[in-house]
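Working notes, structure below.
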Amino acid sequence: MTNAPTATPPIIEFPKSWTRRHLLDLESLDADEITTILDTAQQLKTLTNDCKSKLPLLVGKTCANLFFENSTRTRNSFSLAAKRLGADTVEFSSSGSSVAKGETFVDTAKTIEAMGVDWVVTRHSTPGTPHLLSRELKCSVLNAGDGPHDHPTQGLLDMLTIRQHRGSIKGLTVALVGDIAHSRTARSNIWGLSKLGANVIICGPPTLVSPRWAELGFEVAHHLDDILPRCDVLNLLRIQFERQKARPFPSVHEYAALYAMNGERMRKAKDDILIMAPGPINRGVEITPEVADGPHSVILEQVNNGIAVRMAALWLLAGANQTN
Amino acid sequence: MQDTGSSNLPSQSDPLLIENGRIIDPSQQIDRQGRLLIIEGRVAAIDPNDGDLPQSTRTIDAANLIVAPGLVDLGVEMREPGFEEDETIQSAGLAALAGGYTSVLCTSNTSPPIDSPGAVEFVRQKAARAAGVRVHVIGCLSKNRDGEQMAELGLLAEAGAVAFSDAPRSVPNDALLKRALDYCRMFNLPIFDRPEVPDLANQGVAHDGRTALILGLKGLPTEAEDLAVARDVRLAEATSGRLHVGPVSTMGAVDMIRRVKSRGIDVTASVCPHNLCLSDQELRSFDARFKVHPPLRSERHVETLQQAVADGTIDAIQSGHMPRSREKKMNDLDLSPFGAATLETTLATINTFLIKSGTMNWLSAIERLSTSPARIAGVAGGTLKVGAVADVVLIDPNREWTVDGNQFYSRCNSSTLDGHTLTGEVAMTLINGETRYSR
């Protein structure tokens, strides 16, 4: 872990219960594991002065970002998390790389691993790619988003943010609003929140919210106004134009009328409601500027918590890899 | 019927007696211990008297083995010409023999597609030189296989095509299918349609059910197949054409086929073994091995299909052999093509999951695997009646073995059943009374 002499007690205690070498999804984690990551993230956030200062826990290690999909904030968030803990980073993106020359993504990952990296952070448009990589690579694999399937660090940073404001997630009513069908953020939150005891409401137009969610035991709603008074937290998902081929709703205008969180809707919401969004936000579509910049919005805190959660993930996975 | 012919094995002109085996011939409702006499490549007698056996008769001891007509497949992708990295006529032929097949129909989706007499002739000649399994050629339904205008069906028939199909592509143009069904009545050859509405399929990779929802996979909804089946059976009725629908994979398809059959309409249907034993839960591994077509569906569909093939609503079992090279299947679920190698596991799959469980018996299984497909395709096979070509398979119904794609004769090593232990193995495959495969 650290390079400190053995006489000095460690800055932070490694949780003995943590054994995972990979972070692939939240679906397979249990409540204790999720809590461990959140606790660790909170500790690291404090120790680094809100993710601003360095803490030399991962010096000498290298983190590779392997992104097959566009992303600035998640990529930078992982990079910063690695650097804050003293690790080196290296960037691979699919455009202009060997992938464009026909190399399979497994070969690309193995090549990177051969350069001596400790983590591969990967984002891809197809579900399951991190899982396939974890079967092929010896280093740790972190899922930064695999198609609509899962985005574990996003779900975790969302939960950390809620916990910071409410102390506990158990018993809270959390609504996920928007394009659930194509959203990995939605799925991560659904698994994470329900495991920690929240009441999850899945809200959006029927073309984007399948009745099968109800079969799985979740509350489904199509009218935001109906559920709003009950909600402690709203997580507003971005409408994903790039993932949809046939428009599941007639127009952006109509979507905003039915689902946008605006001043008028805020008046019907609880006094202490938290407004969250994974970003980037489409001002005027799922959220108005008044709400995005208002006192209930914790969107920017989410961003900071993202670094904390990713620091925790990198440190925990490295620790487990060392033990094995 | 049409034989593909020459063998490079020495001509086995001496009579052959297969004895001590359990003869199963659905065409004569035979299931009993017996002896099969083959003379000059044809069945000469079942249970001949010893006195009638010529001096030079060779024998094969089939103790503990089943002796049945060789399997017949309604659609094997042989990938040659054009996609030899996936499979060749030779490698597919070997895989077929190892799977107990004596006749296969070769699909038209080669490059160039089989839409000209020259292309038909190429496949026939290549198959003859390979001297493996009998290969019958399916000609394209549409010119260039592009789904717009009829191919020269008459000329293709003259060149030796036994059926017409654009499979694995469906025929989205209803008017074209109707025209072709009508036109084909003069040739009395069947049209095979693989039912799928492309817009509803919408580039899905897995069955549109709970598993796809949880995993975030693009779904293939059952409506995409059901609507096409509805269209197919209605057109078959309207034209009195010979239409075979398949492979099917949904409860909806089974329901419609059952209903039109009960009204006396002549439509036949088939199913693939993977849809009879595996569910969409397999996709949880995200392994592209399980990206097959028709997709693995949920348990309810599997159960319905098992019942339907047991009671004969589904007439035939087809392997669904859709080989794709290692590199192609090594990709993620979106990039990887549909497909798997199935010729070498079909028989054992049916035994393991349907016969052993009591859902079917050997007589009905051989009927679906051999007799029925031969009848649907109008080719020789599926029977051990006196005078029939001696295309025979000897099956060891009790031998257990573990599926290992790397051991396949097929060039494709991708199997949905890799690692499974199956019961039932092909001991020998004979064509024209000649042994072309032996374990």
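The values are calculated or read from the model by the stated rules, or taken from the named source; none is laboratory data. Just so you know, these numbers come straight off a predicted model, no measurement behind them. For neighbour counting, all protein chains shown are included, and Cβ atoms are generated from backbone atoms with ideal geometry for every residue, glycine included.
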- Message: Can you name every one of the strands (runs of 3 or more DSSP E) wholly within the range A:105-218 that holds 3 or more residues which are under 26 Å from A:Glu254 (Cα atoms)?
- Response: A:173-177, A:199-203
- Only one of these is within 14 Å of another protein chain (Cβ to nearest Cβ) and of a type outside the set (Gly, Ala, Ser): A:Leu156, A:Leu208. Name it. A:Leu208
- Note on the structure: For strands (runs of 3 or more DSSP E) lying entirely in the range B:29-127, having 2 or more residues that are surrounded by 18 or more Cβ atoms within 10 Å (Cβ to Cβ) picks out B:30-39, B:42-46, B:66-69, B:71-76, B:101-106
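Residue-by-condition table, conditions (1) more than 19 Å from the chain's Cα centre (by Cα); (2) under 30 Å from B:Asp287 (Cβ atoms); (3) in contact (Cβ under 8 Å) with a residue 60 or more places away in the chain; (4) surrounded by fewer than 19 Cβ atoms within 10 Å (Cβ to Cβ):
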site	(1), (2), (3), (4)
B:Ile191	no, no, no, no
B:Asp226	yes, yes, no, no
B:Ala230	yes, no, no, yes
B:Leu235	yes, no, yes, no
B:Leu243	no, no, yes, no
- For the range B:269-296, the count of residues that are in a loop (DSSP other than H, G, I, E, B) and more than 14 Å from every other protein chain (Cβ to nearest Cβ) equals 9
- Task: Kindly indicate which of B:Gly419, B:Gly381 is touching a strand residue (DSSP E or B) at 6+ places or on another chain (Cβ under 6 Å) and on the phi > 0 side of the Ramachandran plot.
- Result: B:Gly381
- Task: State which residue is surrounded by the fewest Cβ atoms within 10 Å (Cβ to Cβ) when the search covers only the range A:264-283 and only residues that are at pLDDT 95 or above and outside any loop (DSSP other than H, G, I, E, B).
- Result: A:Arg267
- Scan the range A:72-125 residue by residue and report those that are at pLDDT 90 or above and among the hydroxyl-bearing types (Ser, Thr, Tyr). A:Thr74, A:Ser77, A:Ser79, A:Thr89, A:Thr111, A:Thr122, A:Ser125
- Task: Mind listing whichever residues of the range B:202-222 are out of contact with any Asp or Glu (no Cβ under 6 Å at 6 or more places or on another chain) and either β-branched (Val, Ile, Thr) or away from chain A (no Cβ under 14 Å) (or both)?
- Result: B:Val205, B:Ile214, B:Thr222
- Item | the range B:147-168, residues that are buried (at least 21 other Cβ atoms within 10 Å of the Cβ) and closer than 20 Å to B:Val248 by Cβ | B:Ala163, B:Phe164, B:Ser165, B:Asp166, B:Ala167
- Query: Does any residue of the range B:178-185 turn out to be over 22 Å from the mean Cα position of the chain (by Cα), under 21 Å from A:Gly147 (Cβ atoms), assigned to a helix (DSSP H, G or I) and assigned by TED's automatic domain parsing to the domain that holds B:Ser165?
  - Reply: no
- Query: Among the residues of the range B:258-278, which ones are crowded, with 16+ Cβ neighbours inside 10 Å and of a type in the set (S, T, N, Q)?
  - Reply: B:Thr268, B:Ser270, B:Asn275
- Note on the structure: The condition of being more than 14 Å from chain A (Cβ to nearest Cβ) and not basic (Lys, Arg) holds, among B:Asp166, B:Asp199, only for B:Asp166
- Query: When you go through A:Leu23, A:Leu55, A:Leu44, A:Leu29 one by one, which is the residue that is over 21 Å from the mean Cα position of the chain (by Cα), within 30 Å of A:Ser168 (Cβ to Cβ) and surrounded by 18 or more Cβ atoms within 10 Å (Cβ to Cβ)?
  - Reply: A:Leu55
- Query: Just a yes or no: is a residue in the range B:157-176 in contact with a Phe, Trp or Tyr (Cβ under 6 Å, 6 or more places away or on another chain), assigned by TED's automatic domain parsing to the domain that holds B:Asp315 and of a type outside the set (A, V, I, L, M, F, W, C)?
  - Reply: yes
- Message: Considering only residues that are loosely packed, with under 14 Cβ neighbours inside 10 Å and within 11 Å of chain B (Cβ to nearest Cβ), which ones fall in the range A:215-233?
- Response: A:Glu215
